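Single-structure report; data block below.
The values are calculated or read from the model by the stated rules, or taken from the named source; none is laboratory data. Because the structure is a prediction, the values reported are computed rather than measured. Methodologically, a virtual Cβ is constructed for each residue, glycine included, from the backbone with ideal geometry; neighbour enumeration extends over all protein chains shown. Note: areas computed on protein heavy atoms with side chains; ligands, DNA, RNA excluded. Shrake-Rupley method; radii C 1.70, N 1.55, O 1.52, S 1.80 Å.
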Amino acid sequence: MTSTEITPFCETPIQPGDVLLAVENLHACVEENEILQGVSLQIRAGEIHALMGRNGSGKSTLSKVIAGHPAYTVTAGSIHYRGQDLLALSPEDRARSGVFLGFQYPVEIPGVSNLEFLRVSCNARRQNRGQEELDTFTFEDHVRETMAIVQMDPAFLERSVNEGFSGGEKKRNEILQMALLEPLVAILDETDSGLDIDALRIVANGVKKLALPTTATLLITHYQRLLDAIIPDFVHVMAEGRILRTGGKDLAMALEQRGYDWIDETDGSDTPQP
Amino acid sequence: MSNATQSRPWLEALLQVLAQRAGHSATQWPSARDWCWPTRRSETWRFTDLRCLTQLDPVRLHTRTASPRWPDASILLPSDPVSGKQLPARHVFLQLDGRGHWLSPQGELPTWPRGLVPLPTEEIIPGQVAQTVIPSGTLPLGAQLNGVTPSPALGLQVSGPDPIHLELAIQVEQAQAWLAPHLLLVLQPGAHLCLSWHVVATAQAAVMPMVEARLGLAAQLEEATTAWGYPGATFLGSSFMDQSPRSIYRRTTVTWGWGLSRDEPFVRQSQGQAETCLHGLAVARGQSLLDTHSTVTFDGPGGHLRQRHQALADDRGHSVFNGRVVVPQVAQQTDASQLSRNLLLSTSARIDTKPQLEIVADNVQCNHGATISCLQDDELFYLQSRGIGRDQASRLLQRGFCEEILQQLPKTALAWPSLQRLLEIPVPDQP
């Protein structure tokens, strides 16, 4: 899939409760190994969803397939974003149209300045939204203001993208990117992993500030501690490439106390879907 | 047919023309028979095709140059960090004219600052440093051609600890130009010189600069070269550095374009205990062949070398790197590292890289490494996932790859518009 030009995507106003992301019976594989085996999930504007599950259950794969990682092949099912076929878009067009993936392991890119990277990204998104691009000076003011959300030192702007950043700094940089890109659907893949208590609070506060009635957030996490700070409307539990059970915030607390074996022992088929 | 067989008549014709221009008869001038013309059978020339050079017509060769478009002086000259006022110049800006003389951008004879003194003509003997740096006495091809090309040499003595900046620019815009500038530098003990070369050839031509420098005790030479040439142009650069103890030689070379570029730096730490840093970046696109053959010899103990060569090859571009490091028995406690990093961007591009460490001394720390890779999918996806188109993401990553060497260039070198344009800095906002 290639993209040569930016095309505005669904710039109609969003109302709280509008379906932003609809995943239907999604099957996806990597190198002939089927990882996703029929995922269905619907996310509406104003909602925060949490996705939990054992290692290898397919959580990160789902996030990468939504973002358009080329290593994964969708073999069946669909993903609709604001009513349009998301799978038909290149990764960059998905991002420009408002889908954001916060990486579990943000990539280090030596030699590429973080400031330049952020400016080019931000302008690509702004162009898609019909906004004027920001010049270097205006953007620098904008990014410095935005950095306050994650209490990030402006010195990180001068460094190469994620190079030499600690785990916590990388995650803050991800949330900074999220703040600059103003996504409609933000998927945060284990953003809480590797964070100390203070960093977790800062990142969680940042995510909460950015969650609006017209946007949606999907948190992929292993731990209740993130969900203590960001209370989800729905909690989903994945196993073997499918969502086995869906519930409210209490489901996460039950998982924390009883572990995933408890899910295996119960029948999740009667779980109400959001 | 070998290079040598093909090139013999061309070399004969060239030498006759050069002899006439020097006012000598052909019998007084070196004959093609005396030359050891490189062939592809030689290990050091097996990847290097000289046809780009031999396509020049010896009869039509000339030495005409054009005026370089110097960057704004306010960019070139340093400012006081507090007042913002430009500091008193210990800068000299010179460009090569059509008669082989170095003149100011205004076309005047240079005014030399304190600490920079021209050497008398009789003291400028081509090859005087080269012969000590290369004991075998066989000069590389570029130096040999430089030696038989009649052209006035520039010789300078440098003294004093305050850095002096010497900016040299060569601009070639007419086809069949044949330029062989020769520079001899004698750095007195403790002297500090920052030398920048900016070479641009926009037509089928040959540029063969030769630099010889003798660095006295604790002297410091920082040399930066940016060289861009038209796809049919040839660059044959050679430099010979003789370092005394505690001297520092830092060299950064950025080369792109050219049909053929062969850069051959030779460094000798005559008694060890000196510091050498060699940084090179070659960007080979189109059908460009960019070849770097470096030799660093430690003739004493406690020498230090940091070498990093990076190459990017795209389209049918070809990069060659051969990094020879010689550490004889006398060079105990040498600390040398060499890294060759390469980015291969197309299936038709080619990278040949060869570290060549010749270590006899047993108490040394020497390491080398070479990597060849393409753009990383994870890096591309990361950028794409932020809305950056694949092509632009690729350019960003390429620029990032180059950045590590570009950072070594002085501000004055980065100020040249050609460098900014050709390396696409800044990356356009449009994907």
For the stretch A:105-133, pairs from a residue that is facing chain B (nearest Cβ under 8 Å) and without any contact (Cβ under 8 Å) to a residue 12 or more places away in the chain to a residue that is of a type in the set (D, E, K, R) and open to solvent by 10 Å² or more (accessible area, probe 1.4 Å), with Cβ under 7 Å and 6 or more apart or across chains, are A:Val120/B:Asp429; A:Glu133/A:Arg126; A:Glu133/B:Asp429
Counting only residues in the stretch A:73-97 that are among the polar types (S, T, N, Q) and over 20 Å from A:Arg125 (Cβ atoms), the one nearest to the other protein chains (Cβ to nearest Cβ) is identified as A:Thr73
How about the stretch A:138-168: which of its residues are open to solvent by less than 50 Å² (accessible area, probe 1.4 Å) and charged (D, E, K, R)?
A:Glu140
Matching residues in the stretch B:347-363 - criterion: being open to solvent by 40 Å² or more (accessible area, probe 1.4 Å) and in a loop (DSSP other than H, G, I, E, B):
B:Thr347, B:Ser348, B:Val360, B:Asp362, B:Asn363
Please determine whether any residue of the stretch A:41-60 is open to solvent by less than 60 Å² (accessible area, probe 1.4 Å), within 14 Å of another protein chain (Cβ to nearest Cβ) and under 15 Å from the mean Cα position of the chain (by Cα).
yes
Would you tally the residues in the stretch B:374-388 being in a helix (DSSP H, G or I) and more than 14 Å from A:Phe100 (Cβ to Cβ)?
4
Kindly provide the set of residues from the stretch B:247-276 that are assigned to a loop (DSSP other than H, G, I, E, B) and out of contact with any Asp or Glu (no Cβ under 8 Å at 6 or more places or on another chain), ordered by number.
B:Trp258, B:Gly259, B:Gln273, B:Ala274
Could you tell me whether A:Leu226 is open to solvent by less than 30 Å² (accessible area, probe 1.4 Å), within 18 Å of A:Leu62 (Cβ to Cβ), in contact with a Ser or Thr (Cβ under 9 Å, 6 or more places away or on another chain) and part of a helix (DSSP H, G or I)?
yes
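Residues are listed down the side, and each one gets a yes or a no for (1) in a loop (DSSP other than H, G, I, E, B); (2) on the phi < 0 side of the Ramachandran plot; (3) free of Cβ contacts under 8 Å to residues at least 12 places away in the same chain:
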{"residue": "B:Pro113", "(1), (2), (3)": "yes, yes, no"}
{"residue": "B:Val117", "(1), (2), (3)": "no, yes, no"}
{"residue": "B:Glu122", "(1), (2), (3)": "no, yes, yes"}
{"residue": "B:Gln131", "(1), (2), (3)": "no, yes, yes"}
{"residue": "B:Gln144", "(1), (2), (3)": "no, yes, no"}
{"residue": "B:Pro150", "(1), (2), (3)": "yes, yes, no"}
{"residue": "B:Leu156", "(1), (2), (3)": "no, yes, no"}
{"residue": "B:Asp162", "(1), (2), (3)": "yes, yes, no"}
{"residue": "B:His165", "(1), (2), (3)": "no, yes, no"}
With in contact with a strand residue (DSSP E or B) (Cβ under 6 Å, 6 or more places away or on another chain), among the hydrophobic types (A, V, I, L, M, F, W, C) and crowded, with 22+ Cβ neighbours inside 10 Å as the only criterion, which of A:Leu118, A:Leu188 stands out?
A:Leu188
How do the pairs read when you match residues in the stretch B:167-190 that are open to solvent by less than 10 Å² (accessible area, probe 1.4 Å) with residues anywhere that are among the acidic types (Asp, Glu) and part of a strand (DSSP E or B), using Cβ under 7 Å and keeping only pairs 6 or more apart or on different chains?
B:Leu184/B:Glu212
Quick test of your reading of the structure: B:Gln356 fulfils all but one of (1) modelled with pLDDT of 95 or more; (2) away from chain A (no Cβ under 14 Å). Name the failing condition by number.
(1)
Criterion: of a type in the set (A, V, I, L, M) and free of Cβ contacts under 8 Å to residues at least 40 places away in the same chain - qualifying residue of B:Val320, B:Val360:
B:Val360
Within the stretch B:28-43, can one find any residue that is under 20 Å from B:Asp263 (Cβ atoms), of a type in the set (Ser, Thr, Tyr) and open to solvent by less than 20 Å² (accessible area, probe 1.4 Å)?
no
Determine whether the stretch B:329-346 contains at least one residue that is farther than 27 Å from B:Gly302 by Cβ, open to solvent by 20 Å² or more (accessible area, probe 1.4 Å), among the polar types (S, T, N, Q) and more than 13 Å from chain A (Cβ to nearest Cβ).
yes
Pairs with Cβ under 6 Å, 6+ apart, first in the stretch B:388-406 and closer than 21 Å to A:Leu180 by Cβ and at the interface with chain A (Cβ under 7 Å from one of its Cβ atoms), second aromatic (Phe, Trp, Tyr) and surrounded by fewer than 20 Cβ atoms within 10 Å (Cβ to Cβ)
none
